[in-house]
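Written out below as structure tokens is the structure these notes cover.
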Amino acid sequence: MGRTGLGKTTILESICGLRRVTAGKVLIGGIDMTHWLPGDRQIGYVPQDLALFPTLSVEEHLAFALRLRKWPTAEIRSRVAELSDVLGIRHLLLRSVAMLSGGESQRVALGRAISFRPAVLLLDEPLSALDESTRGEMQNLLLQIKQTTGVTALHVTHSSEEANALADYRLLIDSDGIKGLKSKSP
């Protein structure tokens with residue numbers, strides 16, 4: 001959590017391999033992945049702009065990472081059905097993402113990021129563009145996914161309310177750097 005321009009997105013991009021690390025290491029599960037290719041890191045990533053391909057359908061987005069990883073077709077179909085039910089978007093599977101609302105697009109981006117069961121999930125301000133009602137729904141969905149999958153999630157936000165609702169630990173960043181790691185109060 002921190003103000004704009006302090007490097008929160010840069011940290012996420014470095015963890016997932018989209019940005020070169022010039023100092024330090026990226027350790028995931030005790031393994032140094034600093035020089036691993038992004039696709040080899042088992043990381044799901046939802047960037048601020050969602051990075052949805054406008055020419056693909058919802059179903060194609062949910063299957064995208066699975067096809068890249070050469071999952072069998074039957075397993076892809078099963079996983080897409082499972083995800084679409086969990087995310088509440090089964091009725092949208094054949095729709096182009098260009099025709100979706102903000103909340104629907106957010107669900108598709110999240111589904112694509114968790115489709116292959118990543119070890120780590122990176123979320124870069126995923127709720128910032130949503131209205132209050134949709135934001136609350138998405139917070140509940142993120143909590144449900146975290147609890148049912150056990151995935152470790154790093155969630156960047158400007159909102160202390162969002163951090164308090166979703167985080168087990170909060171890392172605070174300001175212009176002087178990292179200010180400390182705080183656990184959620186019981």
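Tabulated data for the structure shown
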{"read-out": "Gyration tensor verdict on segment 37-130 (Cα atoms; rounded if a/c is under 1.5, prolate if a/b is larger than b/c, oblate otherwise)", "value": "oblate"}
{"read-out": "DSSP-defined antiparallel bridges as percent of all bridges, segment 8-183, nearest 5", "value": "50 percent"}
{"read-out": "Dipole magnitude of segment 8-183, debye to nearest 20 (Cβ charges: Lys/Arg +1, Asp/Glu -1, about Cα centre)", "value": "600 debye"}
{"read-out": "Cβ-Cβ FRET estimate between Thr10 and Ala74, R0 fixed at 45 Å, reported to 0.05", "value": "0.70"}
{"read-out": "Cut-off 18 Å, label 7 Å out along Cα→Cβ of Arg20, residues of segment 29-71 by amide N", "value": "33-39"}
{"read-out": "Relative contact order, percent, segment 8-183 [alpha-carbon distance under 8 Å, six or more residues apart]", "value": "21 percent"}
{"read-out": "Segments 148-159, 109-120 sorted - mean Cβ within 10 Å per residue, highest first", "value": "109-120, 148-159"}
{"read-out": "Pairs of lysine residues in the chain - Cα separation under 28 Å, sequence separation of 8 or more or cross-chain", "value": "13"}
{"read-out": "Formal net charge of residues neighbouring Ala65 (Cβ-Cβ distance under 15 Å; K, R +1; D, E -1)", "value": "+3"}
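Here, each number is a calculation from the coordinates, and none is a lab measurement. Every value quoted in this text rests on a predicted model; they were computed, and no experiment measured them. Counting neighbours? That spans all protein chains shown, and the Cβs are built from the backbone with ideal geometry, glycine included.
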